[in-house]
Amino acid sequence: MITIKSEKEIELMREACRIANLAQKAIEAEIRPGMTTLDLDRIAEKAMRDNGAIPAEKGYPSGIKGVMDFPGSICASVNDEVIHGIPSKRTILKDGDIVSVDLVAYKNGFNGDCCRTYLVGNVDSEKRRLVEVTKQAFFEGIKYAKKGYRLGDICHAIGEYVESNGYSVVREFQGHGIGREMHEDPGIPNYGKAGHGIKLEPGMTLAIEPMVIMGKRNILQLDDGWTIVSEDGSPAAHYENTILITEKEPEILTLE
Ligand code: MG
């Protein structure tokens, strides 16, 4: 079931999303070689809690017997890690790395979800291009995030843009509706058919999140039960915002 948010609910969404973006800004201001992904986790968690929010990813159930619930306040995925990397004091960021930080702030019953891929120190031009294309894929997608279009128009635009740049989109994971729950209907794949899928309506709040691999699209899951890596070992990037469908242009709730 797809929820249409009321004006009051949208205000609460705006606040959760504002804090999610603040947490990203706090990381952006401090990230540098020599930090660990656990350092990033601590920065984000403090930013969220200082603003009255809770890091919603912490304790997220794995749903798999024998696999721990998610222990971090953020997902931190380095280089060939695509998504769901577990923050660790053993993962030290090196000059030239890229790291995708995906986080969700929960406040007053609502969730705000966003991801950025950060450049650590001096990153080579190939990886920088991957990060840029992944971010731009989001903006290509949301050109269709308005009344009068269908969900498949967004999915198609993202997939086409990524593949036309020579990269692959991950198929096994996707964006999603968001609100009181972190994951609501509809699922939003990063590929699809234009003109297909549900009609977009004002009041829908959607987390749109291209996950892009430089090489082939195949993925593997590590033994920790969480971390997803590219099978061919090539780097991956991830960019996400929570948006609101309106009568006109979409409102990007997790950007200023
Ligand atoms: Mg996310």
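Laboratory data are not the source of any read-out in this text; all were calculated from the coordinates shown. Owing to the predicted nature of the structure, the values given are computational and were not obtained by experimental measurement. Note that we place each Cβ from the backbone using ideal geometry, even for glycine, and neighbour counts take in every protein chain shown.
Observations
- For the stretch 81-94, the count of residues that are among the hydrophobic types (A, V, I, L, M, F, W, C) and assigned to a loop (DSSP other than H, G, I, E, B) is nonzero.
- Residue selected from the stretch 66-96 under the condition aliphatic (A, V, I, L, M) and within 14 Å of the ligand (Cβ to nearest atom), by the criterion surrounded by the fewest Cβ atoms within 10 Å (Cβ to Cβ): 83
- Restricting attention to the stretch 234-251, the residues that are within 14 Å of the ligand (Cβ to nearest atom) and more than 23 Å from residue 124 (Cα to Cα) add up to 3.
- Residue 45 being of a type in the set (Asp, Glu) and in a helix (DSSP H, G or I): yes
- Checking every residue in the stretch 57-78 against the condition of being within 15 Å of the chain's Cα centre (by Cα) and of a type in the set (Ser, Thr, Tyr) gives at least one match.
- When 159, 203, 166 are checked against the criterion of being part of a loop (DSSP other than H, G, I, E, B), in contact (Cβ under 8 Å) with a residue 12 or more places away in the chain and either surrounded by 20 or more Cβ atoms within 10 Å (Cβ to Cβ) or away from the ligand (no atom under 16 Å from the Cβ) (or both), a single residue qualifies: 203.
- Residue 255 surrounded by fewer than 21 Cβ atoms within 10 Å (Cβ to Cβ), touching a Leu at 6+ places or on another chain (Cβ under 8 Å) and of a type in the set (A, V, I, L, M): no
- Among the residues making up the stretch 110-150, those that are within 16 Å of the ligand (Cβ to nearest atom) and out of contact with any Phe, Trp or Tyr (no Cβ under 9 Å at 6 or more places or on another chain) are 110, 111, 113, 118, 142.
- Which numbered condition residue 11 misses (of (1) of a type outside the set (A, V, I, L, M, F, W, C); (2) without any contact (Cβ under 8 Å) to a residue 24 or more places away in the chain; (3) buried (at least 16 other Cβ atoms within 10 Å of the Cβ); (4) assigned to a helix (DSSP H, G or I)): (3)
Let's see how each residue does on (1) in contact (Cβ under 8 Å) with a residue 12 or more places away in the chain; (2) polar (S, T, N, Q); (3) touching a Ser or Thr at 6+ places or on another chain (Cβ under 6 Å):
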residue	(1), (2), (3)
51	yes, yes, no
57	yes, no, no
64	yes, no, no
67	yes, no, no
74	yes, no, no
83	yes, no, yes
94	yes, no, no
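- Residue count, the stretch 208-256 (criterion: within 20 Å of residue 133 (Cβ to Cβ) and part of a strand (DSSP E or B)): 15
- The stretch 23-42, subset free of Cβ contacts under 8 Å to residues at least 60 places away in the same chain and part of a helix (DSSP H, G or I), residue surrounded by the fewest Cβ atoms within 10 Å (Cβ to Cβ): 29
- Among the residues of the stretch 179-205, just one is among the aliphatic types (A, V, I, L, M), within 18 Å of residue 104 (Cα to Cα) and touching a helix residue (DSSP H, G or I) at 6+ places or on another chain (Cβ under 8 Å), namely 188.
- Scan of the stretch 97-109 for residues that are more than 14 Å from the ligand (Cβ to nearest atom) and of a type outside the set (Gly, Ala, Ser), ordered by number: 97, 98, 99, 107, 108
- First in the stretch 102-124 and on the phi > 0 side of the Ramachandran plot and without any contact (Cβ under 8 Å) to a residue 12 or more places away in the chain, second anywhere and part of a strand (DSSP E or B) and more than 10 Å from the ligand (Cβ to nearest atom), Cβ under 9 Å, 6 or more apart: none
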